[in-house]
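Data first, discussion second: the structure below is written as structure tokens.
The values are calculated or read from the model by the stated rules, or taken from the named source; none is laboratory data. A quick note: this is a predicted structure, and the numbers were derived from the prediction, not measured. No Cβ is skipped: glycine too gets one built from the backbone with ideal geometry, and neighbour counts run over all protein chains shown. The accessibility values were calculated without ligands, DNA or RNA, using every heavy atom of the protein model including side chains. Shrake-Rupley method; radii C 1.70, N 1.55, O 1.52, S 1.80 Å.
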Amino acid sequence: MTDIAASETGTTSEVLTTRDGVPLKRSLARALRREKMRALMLIAPLLLFILLAFVAPIADMLFRSVENNIVQNTLPNTVVALRDWNPNSGEIPGEPVFEALAGDLKIAVSQKTHTRLGSRLNYEQPGIASMFRKSGRKVKNLEEPPYREQFIEIHEGWGTVENWATIKQFSSKYTDGYFLSAIDRERTEQGIAEKPEKEQIYLFLFGRTFFLSVTITISCILLGYPIAFLLANLPLRSSNLLMIMVLLPFWTSLLVRTSAWKVLLQQQGVINDFLVWTGLVTDAGRLVMINNQTGTIIAMTHILLPFMILPLYSVMKTISPTYVRAAKSLGANDWTAFWKVYFPNTIPGIGAGSILCFILSIGFYITPELVGGTSGIFISNRIAYHISSSLNWGLGAALGVILLAIVMLFYWMYDKIVGIDNVKLG
Amino acid sequence: MAAKKSGKGGSAKNSATDKSYVRFENVQKSYDGEVLVVKDLNLDIPKGEFVTMLGPSGSGKTTCLMMLAGFEPATHGEIFLNDSPINMVPPHKRGIGMVFQNYALFPHMTIAENLAFPLQVRGMSKPDQEERVKRILDMVELPLMAGRRPAQLSGGQAQRVAVARALVFEPDLVLMDEPLGALDKQLREQMQYEIKHIHESLGVTVVYVTHDQTEALTMSDRVAVFNDGVIQQLSSPESLYEDPKNSFVAQFIGENNKLNGVVKGISKGICTVKLANGTIVKADQVNVDNVGDGTTLSIRPERIELQPKDKMDNIIEGRIEELIYLGDHIRVRMNVAGNDEFIVKVRNRGQKRNLSEGQKTKIGWANTDCKALDLVA
Ligand SMILES: Nc1ncnc2c1ncn2[C@@H]1O[C@H](COP(=O)(O)OP(=O)(O)OP(=O)(O)O)[C@@H](O)[C@H]1O
Ligand SMILES: [Mg+2]
């Protein structure tokens with residue numbers, strides 16, 4: 001046995017083998033496979049749950065932001081016939097297209113899919129929904145070809161180039177239309193252009209979401225830093241009490257907390273009453289602190305504060321008090337010792353807290369909805385509107401994708417600048 | 001300005017220098033208002049001296065150092081630095097260099113930045129800072145480490161940087177709190193030598209804390225033995241070993257045999273003591289005052305002669321319990337006057353000795369090698 005092993009190692013000089021000649025690597029892999037399988041089995045239920053309940057729905061939702069086979073499915077022959085038509089020619093399509101349309105529309109009406117197509121295309125070209133609805137009602141009355149004039153008679157929309165251009169533009173399986181809308185752009189004859197000024201809303205909302213999130217994150221740092229410092233440096237008994245107070249909000253419903261702010265901040269609310277009572281403001285000049293940005297900032301800072309305090313605390317807890325002592329013994333006064341020695345060591349905590357607060361707040365929905373009024377709402381409120389009210393899921397999904405991309409981008413930037421290894425959550 | 005008597009056996013023998021640099025005057029310290037951690041501390045340290053505070057864990061050494069550095073207020077009493085009281089001076093104005101037990105090198109700064117920090121806060125110009133940093137790095141023999149971070153240093157290197165940082169702004173007084181505690185034995189010995197060397201070449205005053213007695217004995221000009229918040233003895237390493245002033249010091253420094261007895265007579269500094277089993281021996285009177293008092297005799301194992309050939313002051317009998325061969329010497333554990341932890345060290349000179357366990361044999365010692373101290377159980 002030893003002889004064989006020896007001769008084998010001699011011939012295959014580089015490859016290490018076990019005694020019976022199996023390469024060591026393969027043998028090791030086989031031995032480890034069982035372990036791996038067992039580990040996999042243990043996490044399988046969770047993995048499955050995450051796949052089904054998290055990854056799949058999100059992927060599906062994101063896919064909706066580019067998916068667009070409704071035109072193709074509803075008007076298959078029309079789409080084929082439209083291929084030869086050039087919208088820039090300035091003329092509406094010829095008779096073959098209308099013939100195909102008549103056929104497609106009859107089938108669509110029998111399946112009742114034409115109104116859905118209408119409302120889908122209405123996002124792109126307002127007014128087109130009624131065109132489909134009316135045509136659907138009258139398509140059974142169509143006489144012999146040619147159909148072109150008959151269609152234009154049913155609805156003059158069939159005679160405008162713009163409507164046909166819209167149909168052709170959205171006849172491909174995928175579309176960038178939702179994304180263009182999501183950044184206030186649209187496709188015109190001259191290519192991609194900004195939407196008319198009064199229809200622009202999303203970029204502005206993204207900007208506001210970003211601005212408010214930064215403001216909220218900064219307020220969280222300013223308010224949370226001293227608390228975290230106290231938590232880390234007070235004697236155990238007092239710091240435990242303080243910790244409970246920090247965690248208390250977690251045990252109260254988000255809705256309750258937000259509503260409480262309504263009670264406090266409204267014009268007839270507690271704070272205004274108090275200010276009037278002290279004479280700091282007049283009864284007529286009660287402060288407007290709710291249903292605007294101020295309300296959103298105050299309420300969300302309060303809600304996100306623990307997410308700043310906890311990472312900060314866990315980092316500060318590990319900073320030995322001897323650093324500050326060493327700095328002082330070396331001649332630094334209190335401020336220098338704090339700023340040059342203590343503060344730099346808390347930066348990982350500030351980073352972790354900021355990422356957490358910023359990412360949470362950029363996607364916040366309930367609080368801005370309740371206390372934000374119109375000037376304090378976030379992009380997520382708009383997404384929610386498209387998902388549940390206007391039912392324009394594609395646009396909602398496109399906005400969601402952009403939001404996700406922005407978050408990823410910040411994460412990446414943070415990793416580049418601070419380094420994600422520097423983040424400490426506990 | 002002479003040192004006050006401190007503790008039971010406090011001595012001012014070596015601090016006769018008229019100019020004291022650091023002075024503790026009746027300093028007391030309590031953290032909680034219930035227990036005195038430091039009880040009535042009096043200590044004088046002349047300029048340029050290397051003084052070590054040695055004592056068991058919890059005896060108040062760090063507390064003393066912290067009071068001197070300004071991080072803990074003294075509950076009572078006054079600390080003087082260069083003859084001016086410093087109780088109200090904040091730490092950063094005291095100009096005392098300090099080496100912490102865990103080094104406390106700032107992790108977010110490079111070694112050079114760490115070393116430049118005290119110079120920077122003193123408003124020194126950039127070129128001067130660099131010059132000084134370079135010089136001090138050369139002195140601790142780490143010239144190539146300037147750009148590294150503390151986490152990238154070995155224990156010994158980090159320790160040297162910590163010492164360098166405490167010295168770079170040229171303080172007159174440097175405090176070191178168990179700076180070598182984390183190092184292994186060999187490195188510790190090397191660093192002891194280096195710190196001692198730096199002390200001698202710069203002439204700074206050093207107050208050093210350790211609970212390693214070898215370290216204290218090898219490095220210091222004087223050692224203050226702490227116990228229970230009191231300085232038990234303050235003297236040179238030699239007299240600490242040769243002339244312990246009380247039982248605690250005798251037990252704490254070096255190896256030591258205890259024999260309890262009652263003083264039967266005192267004449268000219270020599271006590272006659274009756275041991276538990278009735279044997280009468282003679283001993284140096286150190287810390288007993290009256291005839292009839294209980295006393296603990298203390299004898300170093302290497303001062304005892306086994307099977308003495310010459311005439312000796314005291315010769316009594318004991319039984320050999322155990323023989324341990326240690327190469328250069330043989331440890332003989334004996335039962336003497338009821339104490340069966342009595343150790344005798346026999347130097348191995350190559351001669352054949354017929355020792356065997358269970359054997360009864362005579363031992364002897366000189367009066368001056370046996371100290372009559374306060375009674376301990
Ligand atoms: N910040 C503090 N609050 C309360 N008690 C303290 C504090 N620091 C130290 N003590 C107590 O004071 C006593 C002396 O502590 P000190 O740190 O001075 O001991 P030490 O001699 O340095 O011991 P070691 O050799 O273990 O470092 C101990 O009983 C300790 O429990
Ligand atoms: Mg200590």
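What to note about this one:
- For a label point 7 Å along the Cα-to-beta-carbon line of B:T110, residues of the range B:125-168 with backbone N under 14 Å: B:130-131, B:133-134, B:143-152
- Assigned charges on the beta-carbon of Lys, Arg, Asp, Glu; the range B:190-299 dipole about Cα centre (debye): 580 debye
- Charge dipole of chain A about the Cα centre (unit charges at C-beta), most positive-ward option of A:S130, A:P57, A:I192: A:P57
- Per residue, in Å², the accessible surface of the protein assembly as shown once ligands and nucleic acids are set aside, probe 1.4 Å: 51 Å²
- Here A:L248 and B:N277 are evaluated by their C-beta separation; at R0 = 60 Å the FRET efficiency comes out at 0.25.
- Probe 1.4 Å - accessible area at B:I266, Å² to nearest ten: 60 Å²
- Cα-Cα P(r), the range A:202-422, percent of pairs per 10 Å interval: 8, 26, 30, 23, 12, 2, 0
- Percent of C-alpha pairs per 5 Å bin, the range B:255-374, short to long: 2, 12, 22, 24, 18, 11, 6, 3, 1, 0
- Using just its DSSP H runs of length 4 or more, each adding -39500 (n - 2.57), the protein assembly as shown gives a mean residue ellipticity at 222 nm of -14000 deg cm²/dmol after division by all residues.
- For chain A, the membrane-span-like helices by this rule, meaning whole DSSP H stretches whose C-alpha atoms cover at least 15 Å of axis and whose Kyte-Doolittle mean is 1.0 or above, are A:202-233, A:236-247, A:254-265, A:293-318, A:343-362, A:393-417; this says nothing about an actual membrane.
- With a threshold of 29 Å on the Cα-Cα distance, the over-threshold entries among B:K39/B:K274; B:K47/B:K93; A:K340/B:K29; B:K61/B:K371; B:K258/B:K311 are B:K39/B:K274; A:K340/B:K29.
- With the Kirkwood sum run over all distinct C-alpha pairs, chain A has a hydrodynamic radius of 27.7 Å.
- Sparsely packed loop sites in the range A:71-164 (the GluC sites (Glu not before Pro) outside DSSP H, G, I, E and B with at most 14 other Cβ atoms within 10 Å) comprise A:E91, A:E143.
- Whether the range A:70-175 is rounded, prolate or oblate, judged on the alpha carbon gyration tensor where a/c under 1.5 counts as rounded: rounded
- Share of carbon and sulfur in the accessible heavy-atom surface of the range A:283-372 [1.4 Å probe, %]: 67 percent
- Cα radius of gyration and Dmax for the range B:37-154 (Å): 17.2, 47
- Considered as an equivalent ellipsoid built on the Cα gyration tensor, the protein assembly as shown has semi-axes of 87, 36, 25 Å, the largest given first.
- Under 20 Å from the Cα of A:K106 - aspartates and glutamates, other chains or at least 8 residues apart: A:E95, A:E143, A:E144, A:E149, A:E153, A:E156
- Taking a point 7 Å out from the Cα of A:N88 in the direction of its Cβ, the residues of the range A:172-199 whose backbone N falls within less than 17 Å of it are A:187-193.
- The calculated FRET efficiency for A:A260 paired with A:N73, based on their beta-carbon distance and R0 = 30 Å, is about 0.05.
- For the range A:300-316 and the range B:68-103, distance of Cα centres in Å: 36 Å
- Sparse-neighbour loop sites [trypsin sites (Lys or Arg not before Pro); the range B:36-91; at most 10 other C-beta within 10 Å; DSSP]: none
- Total accessible surface hidden between B and A, rounded to 100 Å², 1.4 Å probe: 1700 Å²
- Each other residue within a Cβ distance under 13 Å of A:M243 adds +1 if Lys or Arg and -1 if Asp or Glu, for a net charge of +2.
- Heavy-atom accessible area order for A:K195, A:K112, largest first, 1.4 Å probe: A:K112, A:K195
- Accessible-area value, B:F226, 1.4 Å probe, nucleic acids and ligands omitted, Å²: 0 Å²
- Taken as Cα centroids, the range A:317-332 and the range B:167-243 sit 23 Å apart, rounded to the nearest whole angstrom.
- Per-residue SASA entry for A:I43, accessible area with 1.4 Å probe, Å² rounded to 10: 80 Å²
- Heavy-atom SASA rank of B:H329, B:H76 (probe 1.4 Å, accessible area, largest first): B:H76, B:H329
- Rolling a 1.4 Å probe over the protein heavy atoms of the range B:235-375, with every protein chain left in place, gives an accessible area that is 44 percent carbon and sulfur.
- The tail of the calculated P(r) for chain B beyond 40 Å holds 28 percent of all Cα-Cα pairs.
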